[in-house]
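Where a number appears in this text, it was derived from the coordinates with a stated rule and is not lab data. Predicted model only: the values in this text are computed from it and were never measured. Here the Cβ positions follow ideal geometry from the backbone for every residue, glycine too, while neighbour counts run over all protein chains shown.
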């Protein structure tokens, strides 16, 4: 009988024994490699079938869906995706051009729209929540801290002074106003022993953002105090 070669490595296959069929591969390794190739081919065929069926389902669902254009208010059937907002590219371009004359959809915000119906500030906040980041996020400067505290107060329609946290920290001699322990000025957020600005009477209890109502506190002390008065926090 003529020699038979292995279909994987082209090596010679041992001759047939006294009993049983002749081997198809020269070794167990070649047989495993051939089985692996067959499994990958079967997986590829199944995957193509699954993807094709998925595309057909999505196309069928789109064909049954009727949406209202976000610009011209006409009804349309989405072509590419169920997330389609505008009936055409022209409507999409027109809506983006009109954004400069629209106001932010957030309550009491009159800034012009940047994207998603939100102004630049609220859009960045939305994107941060969803995992995006900006280079300036790491630079939590004293000016940004002051603006953050002032915005919190203005939203409550309470009196607000222009207060730089660093000025308050220097005034208090870098001593925590809650636990009376020193505060290391070199520590940075989110270290619980870093410096933070605390309102003696919390804003939620009617406190004002004025120099007489703010003090230096460890970040951990400030968080534990929460919206309690200082006397309540110390006794809790």
Take peptides 209-222, 152-165, 113-126, 14-27 and line them up by average Cβ neighbours within 10 Å, highest first, as a rough protection proxy.
209-222, 113-126, 152-165, 14-27
Scattering profile of the range 75-129 at q = 0.13, 0.14, 0.19 Å⁻¹ [log10 I(q)/I(0), Debye over alpha-carbon scatterers]
-0.40, -0.46, -0.75
Rounded to the nearest 0.05, FRET efficiency between residue 120 and residue 157 (Cβ-Cβ, R0 30 Å) equals 0.80
Relative to the first principal axis of the alpha-carbon coordinates of the chain, what is the inclination of helix 120-129, with its axis defined by its Cα atoms, in degrees from 0 to 90 and to the nearest 10?
50 degrees
Which three semi-axes in whole Å describe the equivalent ellipsoid of the chain, each the square root of 5 times a Cα gyration tensor eigenvalue, listed largest first?
65, 36, 15
Along the Cα-to-Cβ line of residue 185, 7 Å from the Cα, sits a label point; which residues in the range 144-173 have backbone N less than 13 Å from it?
166-173
How large is the Kirkwood hydrodynamic radius of the range 140-235, counting all unique pairs of alpha carbons, in Å?
13.4 Å
I'm checking a number: the convex hull volume of the Cα atoms of the range 1-128, normalised per residue, in Å³. What is it?
233 Å³
Rounded to the nearest 500, what is the 222 nm mean residue ellipticity of the chain from helices alone, with -39500 (n - 2.57) per DSSP H run of 4+ residues and division by all residues?
-12000 deg cm²/dmol
Relative contact order, percent, the chain [alpha-carbon distance under 8 Å, six or more residues apart]
8 percent
